[in-house]
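Data block below; observations after.
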Amino acid sequence: MATHGTSQRDENALKTTKIMLQYPTLTRKRLKTTFLPFLLGCTFTLVVGGCTNPDVSPKPQPQNIIFLLTDDQRWDALGAAGNPYIQTPEMDRLAEEGTLFKHAYVTTPICAVSRASILSGQYARRHGIHGFATDFTPIQWANSYPELLRNAGYFTGFIGKFGVGRNLPDTTFNYWRGIPGQPQYEHTDEQGTYKHLTRMLAEQSLEFLDQVPNGQNFCLSISFKAPHVQDRDPRQFLYDSAYIDMFQEVEMPGPINGTDSVFQTFPDFFTQENEARLRWEMRFATEELYQHSIKGYYRLIYGVDVTLGAIRKKLEEKGLAENTVIVLMGDNGFFLGERGLAGKWYAYDESIHVPLLIYDPELPQARRGQQLEPIALNIDLAPTFLSWANLPPPDSMQGKNLRPLLKGEVPKWREDFLFEHLFDHPKIPKSEGVVSLEEKYFVYPEVEPVHEEYYNLAEDARETQNLISSDSYESKVESQRERLEELRHASK
């Protein structure tokens, strides 16, 4: 019985404090696992010290999470997205048995910033990481999805390219095989035998699953380098030599709008010493280079596909498949010669549009294979992962929980989003804008004079006609300028 002026919750908190003083070696995770139902007033209809609440339904069982993040995989580099050349049978099966988001985007198309947004659930304007050298602060990391899940009792693992900052959070995972900087693709095992990086990540993923304690929920984040190029290597797309025979007899069609004349339509500030153009010259400038590059790009993605298949087989063998969510997303898109460009960084569709596949075994059969229209963003992953663990997102997260969409619910949803690329690079002009399914506006704010572009996507999906100077669209452009200012403010 609570005393006068003291609530039951206050008494529960007092009891917990006494326990902590009596058992100072009790870990935070054990305390949370043991006493969280008590602190919440026995939310789960459990009997704890005689406290019950039969009127509250128990929460669903937390689900395991496996997250595969590819590097530079654009939205259509996937058979399920309609690509007739690439071979991605496991990704296609994931789409057939799960959900494909047709309009998934990154808010910033560069790997370090996008990965920071994925981990934190925040726009770059809030997390403040605009380049490769900036670390998460301790408070920021405490509110990242891996740390929140671990503190809730999950067995967490990270494998592959971490990609954010220089001081890696290796001690904050139960299983850590993270790699700093840009990893190398070519390795050898203890016997000196060649082994590709993607194959190593696959082996580590299976090792993680073998180390998960029985009955404990887990979250594994696998961060691939593939299909990113190997920088400063003339071969660029260093795929696993086991896949060299793939596409040998196939002549890949050239990029749409990929002629030199298209590149020359850009303004002078863009055509002079542009990093995307310099990399185009290394990868796509000739037909021979183009065929070599796109086939290498597709072979690298196939290696990730093989890894996905091995993970799903392991889950079945260990009896974990029925309670394990699998998510696959790209960290940004990639120009494959379109507009005379390579790389990413800009607001065009090739750069920001990415694959997003989610397999949730708890979804009913009727919802398997669905392709959803609403806009999904990289910042949505963190709050969605927390939802599978029955955890609320912290106030710092700006993304939305995607699970209602998976279930077929129709919540109030975003109609547009902020695009921002504020990375400081002499050959990549900064840009920011507003993206929706019907229109796109963006601006290069540091160019003199300021350069703007506006596209009517409903009539010009390939973004070929810049309507910024059209009298017919003057009011729409002004509306988008105002909307950009609103989103800038809201994203801080």
* Asked: Just to be sure, is SER221 more than 30 Å from SER144 (Cα to Cα) and outside any loop (DSSP other than H, G, I, E, B)?
  -> no
* Determine which member of the set ASP349, ASP331 is charged (D, E, K, R), open to solvent by less than 10 Å² (accessible area, probe 1.4 Å) and within 30 Å of PRO429 (Cβ to Cβ). => ASP331
* Which one of these does LYS430 not meet: (1) closer than 30 Å to VAL447 by Cβ; (2) touching a helix residue (DSSP H, G or I) at 6+ places or on another chain (Cβ under 8 Å)? -> (2)
* Answer with yes or no whether ARG166 is assigned to a helix (DSSP H, G or I), open to solvent by 40 Å² or more (accessible area, probe 1.4 Å) and of a type outside the set (Val, Ile, Thr). => no
* To do: Considering (1) at pLDDT 95 or above; (2) polar (S, T, N, Q); (3) within 24 Å of ARG283 (Cα to Cα); (4) not in a helix (DSSP H, G or I), say which one GLN216 fails and leave the rest.
  => (3)
* Does any residue of the stretch 175-196 turn out to be in contact with a strand residue (DSSP E or B) (Cβ under 6 Å, 6 or more places away or on another chain), open to solvent by less than 20 Å² (accessible area, probe 1.4 Å) and touching a residue at least 60 places away in the same chain (Cβ under 8 Å)? -> no
* Candidates GLY258, GLY296 - the one that is open to solvent by less than 30 Å² (accessible area, probe 1.4 Å), of a type in the set (Gly, Ala, Ser) and within 28 Å of ILE468 (Cβ to Cβ) -> GLY258
* Asked: without any contact (Cβ under 8 Å) to a residue 12 or more places away in the chain, closer than 30 Å to ASP395 by Cβ, surrounded by fewer than 18 Cβ atoms within 10 Å (Cβ to Cβ) and of a type outside the set (Lys, Arg) - does that describe any residue in the stretch 454-473?
  -> no
* Between residues in the stretch 334-363 that are assigned to a loop (DSSP other than H, G, I, E, B) and residues that are open to solvent by 10 Å² or more (accessible area, probe 1.4 Å) and among the small types (Gly, Ala, Ser), which pairs lie under 8 Å by C-beta distance while being six or more apart or on different chains? -> GLY337/GLY254; GLY337/GLY258; PRO355/ALA81; PRO361/ALA321
* Is there a residue in the stretch 72-91 that is in a helix (DSSP H, G or I), open to solvent by less than 10 Å² (accessible area, probe 1.4 Å) and modelled with pLDDT of 95 or more? -> yes
* To do: For residues that are of a type outside the set (A, V, I, L, M) and in contact with a strand residue (DSSP E or B) (Cβ under 9 Å, 6 or more places away or on another chain), scanning just the stretch 123-143, find the one that is surrounded by the fewest Cβ atoms within 10 Å (Cβ to Cβ).
  => GLY131
* Structure fact -> For the stretch 276-291, the count of residues that are closer than 11 Å to LEU341 by Cα, open to solvent by 30 Å² or more (accessible area, probe 1.4 Å) and of a type outside the set (A, V, I, L, M, F, W, C) equals 2
* Structure fact -> (1) in a loop (DSSP other than H, G, I, E, B); (2) in contact with a Leu (Cβ under 7 Å, 6 or more places away or on another chain) all hold for TYR473 apart from (1)
* **When residues of the stretch 374-428 are limited to those that are part of a loop (DSSP other than H, G, I, E, B), in contact with an Asp or Glu (Cβ under 7 Å, 6 or more places away or on another chain) and not hydrophobic (A, V, I, L, M, F, W, C), the one least open to solvent (accessible area, probe 1.4 Å)** => GLY399
* Asked: For the stretch 99-122, what are the residues that are among the small types (Gly, Ala, Ser) and surrounded by fewer than 23 Cβ atoms within 10 Å (Cβ to Cβ)?
  -> ALA112
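The values are calculated or read from the model by the stated rules, or taken from the named source; none is laboratory data. Fair warning: this is a prediction, and the values are worked out from it, not measured in the lab. Don't worry about glycine lacking a Cβ; one is built from the backbone with ideal geometry, like all the others, and counts go over all protein chains shown. What goes into the accessible areas is simple: the full protein's heavy atoms, side chains included, and nothing from ligands, DNA or RNA. Shrake-Rupley method; radii C 1.70, N 1.55, O 1.52, S 1.80 Å.
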